[in-house]
Amino acid sequence: MEKAIIAGTGIYEIPGFDFEQKVIDTPYGAALVNVGRKDGFELAFLARHGLDHSTPPHRVNFRANLKALQMLGVKHVLATYAVGSISREIPPMGLALLTDFLDFTSGRAFTFFDGGKSGLVHTNMDVPYCPALQAKILELAPAFELNVQPQAVYVATNGPRFETPAEIRMYAKLGGDVVGMTGVPEVALARELNMHFAGLAYSINWAAGMEETMEFVSGQMADIRQRMIALMIQTLQEPVVFNCGCESTKMVMVPPEE
Ligand code: HPA
């Protein structure tokens with residue numbers, strides 16, 4: 001199957017799909033992927049934090065997750081992220097397409113190319129997210145009555161703690177629009193595997209210090225989340241012309257050994 005959704009906080013099922021849970025063993029550990037279909041459309045669905053939301057962001061096995069999807073044949077991935085808002089243009093309950101990121105994570109396994117047998121490969125990140133998938137999401141969003149901001153810089157923090165107000169002021173100065181804990185290394189690993197990958201963020205709070213209190217609106221977003229999932233399914237089902245080049249963005253210094 002070629003299409004996958006990786007879902008974050010708040011999304012643990014996809015309505016209408018009959019899923020079979022599969023444990024996929026990869027060289028990086030096991031990944032739990034739900035494999036299913038609806039009206040002949042096949043989809044892999046991965047709940048990043050586990051279906052019971054028990055895996056904290058810094059313990060997500062991103063390499064196993066992405067490798068498992070590749071082993072299933074996945075080439076196109078849409079990922080969702082619950083985020084905090086730094087930009088006033090993307091308030092809580094707002095949606096945004098990720099177009100770039102700032103990486104403040106540490107201690108995570110962030111590459112498949114670790115030297116030795118895995119080779120020495122530099123992966124191009126000048127266009128981190130797939131423009132072809134992004135264009136399709138933007139084209140279809142109005143049909144689902146969704147207003148999607150077309151550009152957002154994602155700040156990836158390590159978590160699981162939230163940020164301090166001073167950190168958020170710093171991220172704002174650096175150009176960050178939204179903040180979350182799982183966007184990186186996920187997108188980079190997908191790119192290393194030549195996947196077309198787009199990220200859709202939905203804000204559930206103002207980031208620390210932006211307002212007097214950090215109030216979470218996730219409980220009020222069930223309807224938006226459902227429409228967002230429907231938008232993602234439709235995007236993956238529609239024909240897309242992939243003239244973006246996401247699948248060939250590497251500088252190979254020493255090729256991996258088979
Ligand atoms: N910070 C980091 N990650 C998040 C936030 C936040 O404010 N909200 C949702 N995920």
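Data overview
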item: Filter result for the condition that a residue is surrounded by fewer than 16 Cβ atoms within 10 Å (Cβ to Cβ) and under 18 Å from the mean Cα position of the chain (by Cα), over GLN134, GLN151; result: GLN151
item: Pairs where the first residue, in region 75-104, is without any contact (Cβ under 8 Å) to a residue 12 or more places away in the chain and the second is within 13 Å of the ligand (Cβ to nearest atom) and hydrophobic (A, V, I, L, M, F, W, C), C-beta under 9 Å, 6+ apart; result: ARG88/MET210
item: Cβ-Cβ under 7 Å pairs, at least 6 apart or on other chains, region 172-196 side within 13 Å of THR123 (Cβ to Cβ), far side of a type in the set (Lys, Arg); result: PRO185/ARG108; LEU189/ARG63; MET195/LYS75
item: Wholly enclosed strands (runs of 3 or more DSSP E) of region 35-111 bearing at least 2 residues within 16 Å of the ligand (Cβ to nearest atom) and in contact with a Leu (Cβ under 8 Å, 6 or more places away or on another chain); result: 76-85, 95-97
item: Selected residue [in a helix (DSSP H, G or I) and within 23 Å of LEU140 (Cβ to Cβ)] from MET170, MET232; result: MET232
item: Test: residue in region 112-120 that is at pLDDT below 95, loosely packed, with under 15 Cβ neighbours inside 10 Å and among the aliphatic types (A, V, I, L, M); result: yes
item: Subset of region 41-90 (residues that are crowded, with 20+ Cβ neighbours inside 10 Å, basic (Lys, Arg) and either modelled with pLDDT under 95 or touching a Ser or Thr at 6+ places or on another chain (Cβ under 7 Å) (or both)); result: ARG48, LYS67
item: Residue within region 4-23 that is at pLDDT 95 or above, away from the ligand (no atom under 16 Å from the Cβ) and in a loop (DSSP other than H, G, I, E, B) present; result: no
item: Single residue of ALA188, ALA143, ALA208 found to be small (Gly, Ala, Ser), in contact with a Phe, Trp or Tyr (Cβ under 8 Å, 6 or more places away or on another chain) and more than 14 Å from LEU102 (Cβ to Cβ); result: ALA208
item: Hey, LEU133 of a type outside the set (Phe, Trp, Tyr), closer than 30 Å to PRO165 by Cα and modelled with pLDDT of 95 or more or not; result: no
item: Residue under evaluation MET232, criteria (1) more than 16 Å from the ligand (Cβ to nearest atom); (2) touching an Asp or Glu at 6+ places or on another chain (Cβ under 8 Å), criterion not met; result: (2)
item: Number of the exception - PHE197 against (1) over 23 Å from SER118 (Cα atoms); (2) modelled with pLDDT of 95 or more; (3) among the aromatic types (Phe, Trp, Tyr); result: (1)
item: Meets criteria (more than 16 Å from the ligand (Cβ to nearest atom), part of a helix (DSSP H, G or I) and more than 15 Å from the chain's Cα centre (by Cα)) for LEU140; result: yes
item: Failed criterion for SER106 (all others in (1) loosely packed, with under 15 Cβ neighbours inside 10 Å; (2) touching a Gly at 6+ places or on another chain (Cβ under 8 Å); (3) closer than 20 Å to ARG48 by Cβ hold); result: (2)
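So that you can scan it fast, the table gives a plain yes or no per residue for (1) within 18 Å of ALA82 (Cα to Cα); (2) within 11 Å of the ligand (Cβ to nearest atom):
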{"site": "LEU120", "(1), (2)": "no, no"}
{"site": "THR157", "(1), (2)": "yes, yes"}
{"site": "MET195", "(1), (2)": "no, no"}
{"site": "GLN220", "(1), (2)": "yes, no"}
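For (1) within 13 Å of the ligand (Cβ to nearest atom); (2) surrounded by fewer than 23 Cβ atoms within 10 Å (Cβ to Cβ); (3) more than 16 Å from LEU95 (Cβ to Cβ), each residue gets a yes or a no:
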position	(1), (2), (3)
ALA166	no, yes, yes
LEU174	no, yes, yes
ASP177	yes, no, no
GLY180	yes, no, no
ARG191	no, no, yes
ALA198	no, no, no
SER203	yes, no, no
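The values are calculated or read from the model by the stated rules, or taken from the named source; none is laboratory data. A quick note: this is a predicted structure, and the numbers were derived from the prediction, not measured. Reconstructed Cβ throughout: ideal geometry from the backbone, glycine too, with neighbour counts over all protein chains shown.
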